[in-house]
Amino acid sequence: MLQTNPNYLMISLHILGALGLLIFGMKTMSEALQKMAGPQLRHILARMTTNRFSGMLTGMLVTSAVQSSSATTVMTVSFVNAGLLTLAQAISVIMGANIGTTLTAWIISLGYNVDLTSVVYPAFFFGMVLIYRRRHRYAGDFLFGIAFMFLSLVMLSTCGKALDLANNPDVVNFFSSFDTSKYSTILIFLVIGTVITCIVQSSAAVMAITILLCSTGVLPIYLGIALVMGENIGTTATANLAALGANRQARRAALAHLIFNVIGVTWILCVFYPFVDMVLDLANGASLPVVLALFHTCFNVTNTALLIAFIPQIERICYFLIKDDQKEQKEEFSLQYIEGNVMKTPEIAVLQAQKETIRFAQRMQQMFAMVIQLADTKDDKQYDKLFVRIANEEDVSDKIELAIANYLEQVSNAHLSDDTKETIRRMMREIGELESIGDACYNLARILKRRREAGQAFTQGQLKSIGQLMTLVDKALTQMNIVMSGHHGTQPAHETYNIENAINSLRNQLKDESMKEVNDHTYTYIIGTIYNDFINECEKLGDYVVNVVEERLGIS
């Protein structure tokens, strides 16, 4: 048995170390590429999905670039969660990701056919030089990732030769005991491939093991291909786990990935032996690692070609399996875009937080609209009900600020580009100013309540002035939300400054008039004080609006 031979034990440890190095190398390379091209990747995914074919091509190119279908799929699920992609667009991107990931199998098979040692050590050297040159550190990380990946392939190839399993009768007899002509055997290895990939959370690692066993000559090609098919299903676990805490659309996108691969494996099983024989003919006597990589490519390309026309049907299946809960009551406090745990790609996490901040800003304008309504309400019951709503909204604004801040703190723990770090810093200040707007709205409501409890009414002149001031503040909030959403013109801050100047001028005018009217006994000192407090609070709110706009535009 293998366990009785110390050489097998050492070689097994080397294989485990090589697999760990392979996973680490691919992770390092993928993350470095995402940092170098994070914003570009976001724009590509958001804009190059106008139809199913461009979406498929986008998924293929992005996955080929970052060498991780899991990263692309999780990124896609994040976009759906943030409302930037429709489910149909996401399905087309996922289909493309399945084609793009076949490049990984070709790279691994390359390690068994070409001596990569001449590439590994120079890559380490130049990678270290670039890392120490801070400006190019991500390029250095990328080279390090490639070097680790290639080194692991060299180690696996060496271990495969050292194992010499083809001359081990126990191993040969074990694999020979499986009848490759039976579908039951193919199904067993398909399940094994699925389970192992779900556990390891890396289809590349399982692919490397499969190619290693096939390269030694002990694992028949039919069983190796069955493992590869299982890997296609097992790799969908990453996105489904990431989408567990996300919204329904994101969960549907992750489910679509699983459905797509399950349908593909189902039809390939129906034509398994003819399809494999066709691949063997195309391989034309090539080594088994090449045959596995070729099968992986043929399977995913054919599966995408067959199913790309059925994206609407796959979408309907997802909606059928994950239904909208009509009875579900919305919580008073809920986050739409960052309530999930889809944080595997920091750039996307920041984008989700930006979407949530925009929603926060819109909610603050709605809160100010309640204050305007409160100022016009005469009925006592409606007045009390509206005041309670404003008080609750202020409490909610505190919670939203904390939730977004906590999320951004978690994101900032990841390795981020300098631009992304600066974006997070500005967003932290944005949400603080937005929460201050919520406080100002609540203070305005309390001032109005104080006036009501004092049993004194504003004069018609005061009401007219308050109306003018609140109109300007609401206009400032509208302009703030235009800037937040990015739909502004060439001088986005100009309009905000104009409104703020108008608010300041009107505040100064009204304060001067109020002092004169109190002295002339036009109204009492008490109502004059309440009136001035209201004017001052409106002016403060306008200042908070300007601060938000300046942070969003990077003006400081």
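Before moving on, here are some points about what is shown:
- Residue within the range 251-267 that is hydrophobic (A, V, I, L, M, F, W, C) and more than 19 Å from L321 (Cβ to Cβ) present: yes
- Here the range 33-54 is the region considered, the condition is being at pLDDT 75 or above and of a type outside the set (K, R), and the residue that is surrounded by the fewest Cβ atoms within 10 Å (Cβ to Cβ) is F53.
- Every condition in (1) farther than 23 Å from I372 by Cα; (2) open to solvent by 20 Å² or more (accessible area, probe 1.4 Å) holds for E433 except the one numbered (1).
- Any chance L255 is aliphatic (A, V, I, L, M), more than 28 Å from the chain's Cα centre (by Cα) and buried (at least 18 other Cβ atoms within 10 Å of the Cβ): no
This table checks each residue for (1) on the phi > 0 side of the Ramachandran plot; (2) open to solvent by 30 Å² or more (accessible area, probe 1.4 Å); (3) of a type in the set (V, I, T); (4) modelled with pLDDT of 90 or more.
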{"position": "A454", "(1), (2), (3), (4)": "no, yes, no, no"}
{"position": "M470", "(1), (2), (3), (4)": "no, no, no, yes"}
{"position": "A502", "(1), (2), (3), (4)": "no, yes, no, yes"}
{"position": "Y523", "(1), (2), (3), (4)": "no, no, no, no"}
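- The single residue among I23, I15 that is open to solvent by 30 Å² or more (accessible area, probe 1.4 Å), at pLDDT 70 or above, more than 30 Å from Y319 (Cβ to Cβ) and among the hydrophobic types (A, V, I, L, M, F, W, C) turns out to be I23.
- The residues of the range 182-200 that are at pLDDT below 85 and open to solvent by 70 Å² or more (accessible area, probe 1.4 Å) amount to a single one, I199.
- If you go through the range 301-319 and keep only what is over 15 Å from A256 (Cα atoms) and surrounded by 14 or more Cβ atoms within 10 Å (Cβ to Cβ), you end up with V301, T302.
- Count of residues meeting criterion [touching a residue at least 24 places away in the same chain (Cβ under 8 Å) and outside any helix (DSSP H, G or I)] in the range 397-454: 5
- Residue match in the range 145-164 (condition: assigned to a helix (DSSP H, G or I), open to solvent by 50 Å² or more (accessible area, probe 1.4 Å) and at pLDDT below 75): yes
- Check on K516, under 30 Å from Q362 (Cβ atoms), open to solvent by 60 Å² or more (accessible area, probe 1.4 Å) and either modelled with pLDDT of 90 or more or not hydrophobic (A, V, I, L, M, F, W, C) (or both): no
The values are calculated or read from the model by the stated rules, or taken from the named source; none is laboratory data. The shown structure was predicted, so the numbers you read here are calculated from the model rather than taken from an experiment. Methodologically, a virtual Cβ is constructed for each residue, glycine included, from the backbone with ideal geometry; neighbour enumeration extends over all protein chains shown. Ligands, DNA and RNA are excluded from the accessible area calculation, which covers all protein heavy atoms including side chains. Shrake-Rupley method; radii C 1.70, N 1.55, O 1.52, S 1.80 Å.
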